[in-house]
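> Got a structure for you, questions after.
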Amino acid sequence: MVRLAIIASLSMALAAAGSALSAAPRDYCPDRPGIGNPTCTMDAGATSVEVGLADWSRDSMSGSERTTELLLGDLLVRRGIAGHAEVQIGWTSFGRHAERGPLGTTSQNGVGDVFLALRRNLKSPDGSGTSLAVMIKGTLPTGGFAAGSGDWSAGLEVPLSFELNDHLSFALMPSVEAAVDEDRSGRHLAYANVVGLTDKLSDQLGATIEYQLERDRDPSGHQMFHVAGLSMGLQPNDDLQFDFGVNAGLNHAATDVELYAGISRRF
């Protein structure tokens, strides 16, 4: 009887282990594309590598003055450390900042700052149904003038999403940040909110429209930014996504236009 009990216990343990190993992973949920961040976290032990292949923006100043920025190789790595939590690290491998004025054009090239974050999901870590997360983030001033801020920063985001039906979902993301001053030394308060509506057009294709309102209290002058965004993500298989998007400034303080494209892969 004891031998039978041991055999039965081992059989149940092996069956449970086999069931855990065969459990399907969550649907792939990259941070890209879009202005806001999702609520979902990576499965424990899973890694997502997300690369901004190119990100170009233009901002017209007064008169004929204009600035353009180009970022290449904007890398983000996400690693699941529990069923409801992940860590993130990011870095921009190349940035070019150009300013055109009455006396001609000047430009600078360089690398970007290091980005660090911890996201803790509080409800529905796969992002389904009603989902809520908290994300602590910060940057280290490793970059130069072209793609770096010049000083460290820190912030808090609270992504929240709701599934309205089988293909529509609504999301919002309030945030607060100790942002770097415009003179690249010291910090000030900035806070924002992003609202978005995502339409799952098919099993592989999704589109998102967003609106961001940001209040920046830089010592050089307080400003309000209004930005609209449209992005699309195509997932040809369970572990791969291609994306592209465009953001448009809705007031003078915001950057006029931003175009970007990227790729994400789960391992």
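> How many of the residues making up segment 203-225 are closer than 27 Å to LEU53 by Cβ, free of Cβ contacts under 8 Å to residues at least 60 places away in the same chain, not in a loop (DSSP other than H, G, I, E, B) and not acidic (Asp, Glu)?
6
> Filter segment 108-118 for residues that are in a strand (DSSP E or B) and not small (Gly, Ala, Ser) and give the result.
GLN108, ASN109, VAL114, PHE115, LEU116, LEU118
> Taking the criterion of being among the β-branched types (Val, Ile, Thr) and modelled with pLDDT under 95, would at least one residue in segment 95-105 satisfy it?
Yes: segment 95-105 contains one or more residues that are among the β-branched types (Val, Ile, Thr) and modelled with pLDDT under 95.
> Across segment 59-74, what is the number of residues that are surrounded by 14 or more Cβ atoms within 10 Å (Cβ to Cβ) and either outside any strand (DSSP E or B) or not basic (Lys, Arg) (or both)?
Residues that pass the stated criteria total 10.
> So in segment 75-107, with the set limited to residues that are in a loop (DSSP other than H, G, I, E, B) and under 30 Å from GLY45 (Cβ atoms), which one is farthest from the chain's Cα centre (by Cα)?
GLY83
> Separate question: Show the residue pairs that are 6+ apart or on different chains and have beta-carbon atoms under 7 Å apart, the first residue being within segment 120-139 and under 14 Å from CYS29 (Cα atoms) and of a type in the set (Asp, Glu), the second being at pLDDT below 95 and surrounded by fewer than 20 Cβ atoms within 10 Å (Cβ to Cβ).
Partner pairs satisfying both residue conditions: ASP126/ARG26; ASP126/ASP27.
> Which one of these is over 24 Å from MET232 (Cα atoms), surrounded by 14 or more Cβ atoms within 10 Å (Cβ to Cβ) and of a type outside the set (Phe, Trp, Tyr): LEU122, LEU160, LEU140?
Only one candidate qualifies: LEU140.
> Separate question: Look through segment 162-202, keep the residues that are without any contact (Cβ under 8 Å) to a residue 24 or more places away in the chain and assigned to a loop (DSSP other than H, G, I, E, B), and return whichever of them is nearest to ASN37 (Cα to Cα).
LEU164
> Right, another one. In the list ASP203, ASP218, which residue meets the criterion of being closer than 16 Å to TYR28 by Cα and either out of contact with any Gly (no Cβ under 9 Å at 6 or more places or on another chain) or at pLDDT below 95 (or both)?
None of the other options fit; the residue is ASP203.
> Still on this structure, I have one more. Are any residues in segment 146-161 outside any loop (DSSP other than H, G, I, E, B) and touching a residue at least 40 places away in the same chain (Cβ under 8 Å), and if so, which ones?
ALA147, GLU157, LEU160, SER161
> For segment 123-158: of the residues being closer than 18 Å to ASP199 by Cα and of a type outside the set (Gly, Ala, Ser), which is nearest to the chain's Cα centre (by Cα)?
So, considering only residues that are closer than 18 Å to ASP199 by Cα and of a type outside the set (Gly, Ala, Ser), the one nearest to the chain's Cα centre (by Cα) is ASP126.
> Give me the pairs: first residue in segment 249-267 and under 30 Å from GLY45 (Cβ atoms) and without any contact (Cβ under 8 Å) to a residue 12 or more places away in the chain, second residue of a type in the set (Ser, Thr, Tyr) and in a strand (DSSP E or B), beta-carbon distance under 6 Å, and six or more apart or on different chains, which are they?
Nothing qualifies.
> Can you name every residue in segment 235-254 that is part of a loop (DSSP other than H, G, I, E, B) and of a type in the set (Asp, Glu)?
Residues satisfying the conditions are ASP238, ASP239.
> Which pairs do you get when a residue that is of a type in the set (Lys, Arg), found in segment 98-119, comes within reach of a residue that is outside any strand (DSSP E or B), reach meaning Cβ atoms under 8 angstrom, with the pair 6+ apart or on two chains?
Close Cβ pairs satisfying both conditions: ARG100/SER64; ARG100/GLU65; ARG119/ASN37; ARG119/THR41.
The values are calculated or read from the model by the stated rules, or taken from the named source; none is laboratory data. The shown structure was predicted, so the numbers you read here are calculated from the model rather than taken from an experiment. A quick note on method: Cβ atoms are made from the backbone with ideal geometry, for glycine too, and the neighbour counts reach across all protein chains shown.
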